[in-house]
Amino acid sequence: MAQVIEAQQNPLMLTKLFQKYNWLPYVLPMAVFMILTQLEGNFKEAYPAIYIAKVIAVGFLVWAAKGPLSEIKADKKWLGWSVFWGLLLLGMWILIEERVSYGRVGERSSFNPFTEMANPAFAYVFITFRMIGLALVVPIMEEIFWRSFALRYATDKDFSNIPVGVFSWGAFAIVNAVFGFSHPEWLPAVLYSAFCGLYLNWTKSLWACVVVHLVTNLGLGIFILANSAWKYW
């Protein structure tokens, strides 16, 4: 971990680490995200500050991971479909959460910045970073990790020789299960992951999956703010 912290302070060293360990640029942003998410739960009074730090740190690591980032190739061919599926999956997620009774694994922070933060200006700063994290950083980071790296790595440890969008059905099952149970809302998360895996297999476009994820998360953020539905974040 000390080597990683030093590398973050020295971008050149970080680049060398990424070149030496081809799996690291896929895994490191997710690892830092998970560590800081755990800290949020342990130090709830510092949640806004930790979350903002998480967005900045993970955003930087995703930006620095030039190899994985280059796999996200914009393609207008899939834009309309990706927006459509992103909205449909948003509806699926909310419908299950509102109408289906199932055992969730844990809870989200349900942090209401307008009641938890004394200064309204700070509340809006937090909301800005929360939306950036939800609708931009997380979709890119998670699609790079789950759909580009995990699906291929679970298929063959020499994952870099497998094209994006090619994976075994065993890997598909494993990734869906782990993705699902890494979210409190495991049921919609498993269904979401299954769709994204199938969509990636069809389109062979990581960008298409990022757009789906971005639309779903952006829509969820707007839903949260419009309805004060803080339980969703």
Original post:
open to solvent by 60 Å² or more (accessible area, probe 1.4 Å) and either under 20 Å from the mean Cα position of the chain (by Cα) or of a type in the set (A, V, I, L, M, F, W, C) (or both): does that describe Val100?
Top reply: yes
Original post:
Can you spot a residue in the range 54-64 that is open to solvent by less than 30 Å² (accessible area, probe 1.4 Å), in contact with an Asp or Glu (Cβ under 9 Å, 6 or more places away or on another chain), assigned to a helix (DSSP H, G or I) and closer than 24 Å to Phe179 by Cβ?
Top reply: yes
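Tell me, please, whether a residue that is in contact (Cβ under 8 Å) with a residue 60 or more places away in the chain, within 27 Å of Ala53 (Cα to Cα) and open to solvent by less than 40 Å² (accessible area, probe 1.4 Å) can be found in the range 158-166. Break it down stepwise before answering.
At the first step, the residues of the range 158-166 found to be in contact (Cβ under 8 Å) with a residue 60 or more places away in the chain are 159-160, 164.
From what's left, within 27 Å of Ala53 (Cα to Cα): none.
Taking every residue of the range 158-166 in turn, none turns out to be in contact (Cβ under 8 Å) with a residue 60 or more places away in the chain, within 27 Å of Ala53 (Cα to Cα) and open to solvent by less than 40 Å² (accessible area, probe 1.4 Å).
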Subject >> In the range 185-205, the residues that are in contact with a Lys or Arg (Cβ under 8 Å, 6 or more places away or on another chain), under 21 Å from Gly170 (Cβ atoms) and either open to solvent by less than 20 Å² (accessible area, probe 1.4 Å) or not aromatic (Phe, Trp, Tyr) (or both) >> reply: Cys196, Gly197, Leu200
Original post:
Looking at this structure, is Ser110 on the phi > 0 side of the Ramachandran plot and either among the polar types (S, T, N, Q) or touching a His at 6+ places or on another chain (Cβ under 9 Å) (or both)?
Top reply: yes
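Among the listed residues Phe33, Phe111, Phe18, Phe84, which satisfies the condition of being within 24 Å of Leu191 (Cβ to Cβ) and either touching a helix residue (DSSP H, G or I) at 6+ places or on another chain (Cβ under 7 Å) or among the aliphatic types (A, V, I, L, M) (or both)? Break it down into steps so the answer makes sense when it comes.
Working: Phe111 fails: within 24 Å of Leu191 (Cβ to Cβ); Phe18 fails: within 24 Å of Leu191 (Cβ to Cβ); Phe84 fails: either touching a helix residue (DSSP H, G or I) at 6+ places or on another chain (Cβ under 7 Å) or among the aliphatic types (A, V, I, L, M) (or both).
Every option except Phe33 fails the conditions.
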Original post:
What is the number of the single condition among (1) polar (S, T, N, Q); (2) modelled with pLDDT of 95 or more; (3) under 18 Å from the mean Cα position of the chain (by Cα) that Ser109 does not meet?
Top reply: (2)
Original post:
If you check every pair at least six apart or on different chains, which have Cβ atoms under 7 Å apart with a residue in the range 32-47 that is open to solvent by 40 Å² or more (accessible area, probe 1.4 Å) first and a residue that is acidic (Asp, Glu) and part of a helix (DSSP H, G or I) second?
Top reply: none
Original post:
Of the residues that make up the range 43-63, is at least one among the charged types (D, E, K, R) and more than 30 Å from Phe159 (Cβ to Cβ)?
Top reply: yes
Subject >> Within the range 139-157, tally of residues that are open to solvent by less than 20 Å² (accessible area, probe 1.4 Å) and free of Cβ contacts under 8 Å to residues at least 12 places away in the same chain >> reply: 0
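Among the residues in the range 213-233, are any in a loop (DSSP other than H, G, I, E, B), modelled with pLDDT under 95 and either open to solvent by 10 Å² or more (accessible area, probe 1.4 Å) or closer than 25 Å to Arg130 by Cα (or both)?
Within the range 213-233, the first condition is being in a loop (DSSP other than H, G, I, E, B), and the residues that meet it are 228-229, 233.
Cutting the leftovers down to modelled with pLDDT under 95 gives us 233.
When the remaining residues are screened for being either open to solvent by 10 Å² or more (accessible area, probe 1.4 Å) or closer than 25 Å to Arg130 by Cα (or both), the result is 233.
The answer is yes, given that some residue of the range 213-233 is in a loop (DSSP other than H, G, I, E, B), modelled with pLDDT under 95 and either open to solvent by 10 Å² or more (accessible area, probe 1.4 Å) or closer than 25 Å to Arg130 by Cα (or both).
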Original post:
Does at least one position in the range 66-82 carry a residue that is out of contact with any strand residue (DSSP E or B) (no Cβ under 8 Å at 6 or more places or on another chain), open to solvent by 80 Å² or more (accessible area, probe 1.4 Å), at pLDDT below 95 and not in a helix (DSSP H, G or I)?
Top reply: no
Subject >> Selection count where residues are open to solvent by 60 Å² or more (accessible area, probe 1.4 Å) and either farther than 25 Å from Leu87 by Cα or not in a helix (DSSP H, G or I) (or both), scope the range 167-184 >> reply: 3
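The values are calculated or read from the model by the stated rules, or taken from the named source; none is laboratory data. Source: prediction; values computed, not measured. Backbone-built Cβ (ideal geometry, glycine too); neighbour counts: all protein chains shown. Side chains included, ligands, DNA and RNA excluded: accessible areas come from the protein's heavy atoms. Shrake-Rupley method; radii C 1.70, N 1.55, O 1.52, S 1.80 Å.
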